[in-house]
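Engineer: This is the structure I want to talk about, given as structure tokens.
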Amino acid sequence: MAKTIQTVLVVGAGQMGNGIAQVVATAGLEVILNDISFDYAQKGYENIDKNLSRQVSKGRITEEDKAAILSRIQLSDDIADGRDADMAIEAATENLDIKLDIFRKLDHTLKEGAILASNTSSLPITEIAAVTSRPELVIGMHFMNPVPVMQLVEVIRGLATDEEVYQTVVDLAKQLSKHPVEVQDFPGFVSNRVLMPMINEAIYCVYEGVSSPQDIDAVMKMGMNHPMGPLTLADFIGLDTCLSIMEVLYEGFGDSKYRPCPLLRKYVKAGWLGKKTGRGFYVYE
Ligand code: CAA
């Protein structure tokens, strides 16, 4: 039988975290939106406010709906604020040590029986679960960016994840109007195992001078009907995130087909991380 989830602690108020907080609060649940500083949490909240205002201006929700959604979001700079939450969804930086540290804290802080989910895009759920005293309650809940728009959620079973926990997260995803897909815990899951090698290959095409970023994107947009070309998408996701996912695939499978393109490494070293830093394969004003 699935558990009832009423309050969700979202750890990380960045691009993914604030999107998750928005959809959870929109579905009528209480949210504690946590980050390492109150300022970061506030920035996430402002983005939600902006997104909801757009929904109001399009006549999809009323001002009252917007106020009700925002009233369900409490900001926090201390994980202990979520001690009574039924579930945590971690959406911090894609770095294993940072995530392991957060999961140790969540395990010590959250009430017995609370589910600990990670929005990791490629790191092993089983390894994250192993640093807690409740691996059966640890699971992957991988949303896609932009969270309020994209329908998919990958639900990743760690080696020890309980069936009841899996069912609870599937039900929650449906409650958020998302389409859950069951995935086993292997590097990159399904989404990034398929997506990232395509992006990496597009970067190789730039590296080898096969074509320009604009034309490579045009091929995939106009030739394959993708909503964004792979290089625009890489800039949107963040080139640091793309590189770390390629590293996970390369190390996890030990197969040279996942070798990150040297040009991707070079851009990341230069601090050209895509849209968020104003420069990646394109320049953003
Ligand atoms: N937050 C919230 N809403 C957003 C948004 C954002 N960041 N960006 C766009 N939207 C909304 C817009 O408001 C608009 O909503 P309405 O239809 O209600 O007006 C809608 O999305 C469409 O936006 P636009 O008309 O401005 O532009 P578009 O038609 O080009 O769509 C897009 C934008 C939805 C991002 C589309 O380009 C797209 O689907 N791109 C591909 C996205 C993708 O592949 N995401 C997966 C990334 S990989 C990932 O997330 C996994 C990982 O682990 C790395």
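Engineer: Of the residues E90, E63, E30, which is closer than 27 Å to L243 by Cα and of a type in the set (D, E)? Reasoning before the result, please.
Structural biologist: Values: E63 fails: closer than 27 Å to L243 by Cα; E30 fails: closer than 27 Å to L243 by Cα.
So the residue among E90, E63, E30 that is closer than 27 Å to L243 by Cα and of a type in the set (D, E) is E90.
Engineer: Any chance you could count how many residues in the stretch 100-124 are modelled with pLDDT of 95 or more and either within 14 Å of the ligand (Cβ to nearest atom) or among the acidic types (D, E) (or both)?
Structural biologist: Residues that pass the stated criteria total 6.
Matching residues to (1) surrounded by 17 or more Cβ atoms within 10 Å (Cβ to Cβ); (2) of a type outside the set (S, T, N, Q):
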position: A2; (1), (2): no, yes
position: G12; (1), (2): yes, yes
position: V31; (1), (2): yes, yes
position: N34; (1), (2): yes, no
position: Y40; (1), (2): yes, yes
position: Y45; (1), (2): yes, yes
position: S53; (1), (2): no, no
position: A80; (1), (2): no, yes
position: D86; (1), (2): yes, yes
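Engineer: So is G44 assigned to a helix (DSSP H, G or I) and within 22 Å of M150 (Cα to Cα) or not? Show your work before the answer.
Structural biologist: Numbers: assigned to a helix (DSSP H, G or I): yes; within 22 Å of M150 (Cα to Cα): yes.
Criteria met by G44.
Engineer: Step by step: first the residues of the stretch 133-148, then only those that are more than 16 Å from the ligand (Cβ to nearest atom) and more than 13 Å from I89 (Cα to Cα), then the one that is surrounded by the fewest Cβ atoms within 10 Å (Cβ to Cβ). Which residue is that?
Structural biologist: Looking at residues that are more than 16 Å from the ligand (Cβ to nearest atom) and more than 13 Å from I89 (Cα to Cα), I get S133.
Engineer: Let me ask something else about it. Just to verify a result, which residue in the stretch 26-58, among those that are among the hydrophobic types (A, V, I, L, M, F, W, C), touching a residue at least 24 places away in the same chain (Cβ under 8 Å) and over 14 Å from V11 (Cα atoms), is farthest from the ligand (Cβ to nearest atom)? Write out each step before concluding.
Structural biologist: Within the stretch 26-58, the first condition is being among the hydrophobic types (A, V, I, L, M, F, W, C), and the residues that meet it are 27, 29, 31-33, 36, 38, 41, 48, 52, 56.
Imposing the further condition that a residue be touching a residue at least 24 places away in the same chain (Cβ under 8 Å) reduces the set to 27, 29, 31-33, 36, 38, 41, 48, 52.
Those still in the list that are over 14 Å from V11 (Cα atoms) too: 27, 29, 48, 52.
Values: A27: 16, L29: 19, I48: 9, L52: 10 Å.
Per the criteria, the residue is L29.
Engineer: Can you name every one of the strands (runs of 3 or more DSSP E) wholly within the stretch 129-197 that holds 1 or more residues which are of a type in the set (F, W, Y) and farther than 24 Å from G44 by Cα?
Structural biologist: No strands (runs of 3 or more DSSP E) qualify here.
Engineer: Of all residues in the stretch 149-175, which are within 16 Å of the ligand (Cβ to nearest atom) and surrounded by 19 or more Cβ atoms within 10 Å (Cβ to Cβ)?
Structural biologist: Kept after step one, since they are within 16 Å of the ligand (Cβ to nearest atom), are these residues of the stretch 149-175: 149-156, 173.
Residues satisfying the conditions are V153, E154, V155, I156, A173.
Engineer: Determine the pairs where a residue that is touching a residue at least 24 places away in the same chain (Cβ under 8 Å), located within the stretch 248-261, has a partner that is surrounded by fewer than 20 Cβ atoms within 10 Å (Cβ to Cβ) and in a loop (DSSP other than H, G, I, E, B) with Cβ atoms under 7 Å apart, the partner being 6 or more residues away or on another chain.
Structural biologist: V248/P187; L249/P187; G252/P187; F253/P187
Engineer: Among the helices (runs of 4 or more DSSP H) confined wholly to the stretch 221-275, which include 3 or more residues that are among the small types (G, A, S) and surrounded by 15 or more Cβ atoms within 10 Å (Cβ to Cβ)? So that I can check it myself, show each step before the final result.
Structural biologist: Working: elements: 230-237, 239-253, 262-270.
Helices (runs of 4 or more DSSP H) meeting the threshold: none at all.
Engineer: List pairs: first in the stretch 107-122 and touching a residue at least 60 places away in the same chain (Cβ under 8 Å), second in a helix (DSSP H, G or I) and of a type in the set (G, A, S), Cβ under 7 Å, 6+ apart or cross-chain?
Structural biologist: L110/G82
Engineer: Go over the candidates T62, T93 one by one and state the one that is at pLDDT below 95 and within 16 Å of the ligand (Cβ to nearest atom). Reasoning before the result, please.
Structural biologist: Numbers: T62 fails: at pLDDT below 95.
Checking each option against the conditions leaves just T93.
Engineer: While we're here: Out of A218, A270, A202, report the one residue that is more than 22 Å from the chain's Cα centre (by Cα), more than 26 Å from H179 (Cβ to Cβ) and more than 16 Å from the ligand (Cβ to nearest atom). It would help to see each step written out before you state the result.
Structural biologist: Details: A218 fails: more than 16 Å from the ligand (Cβ to nearest atom); A202 fails: more than 16 Å from the ligand (Cβ to nearest atom).
Exactly one residue qualifies, and that residue is A270.
Engineer: Tell me, yes or no, whether the stretch 96-117 has at least one residue that is under 19 Å from G188 (Cα atoms) and assigned to a loop (DSSP other than H, G, I, E, B).
Structural biologist: First, the residues of the stretch 96-117 that are under 19 Å from G188 (Cα atoms): 96-100, 117.
This time we only want the ones that are assigned to a loop (DSSP other than H, G, I, E, B), so: none.
Looking through the stretch 96-117, none of the residues is under 19 Å from G188 (Cα atoms) and assigned to a loop (DSSP other than H, G, I, E, B).
The values are calculated or read from the model by the stated rules, or taken from the named source; none is laboratory data. Source: prediction; values computed, not measured. Cβ atoms come from the backbone with ideal geometry, glycine included; neighbour counts cover every protein chain shown.
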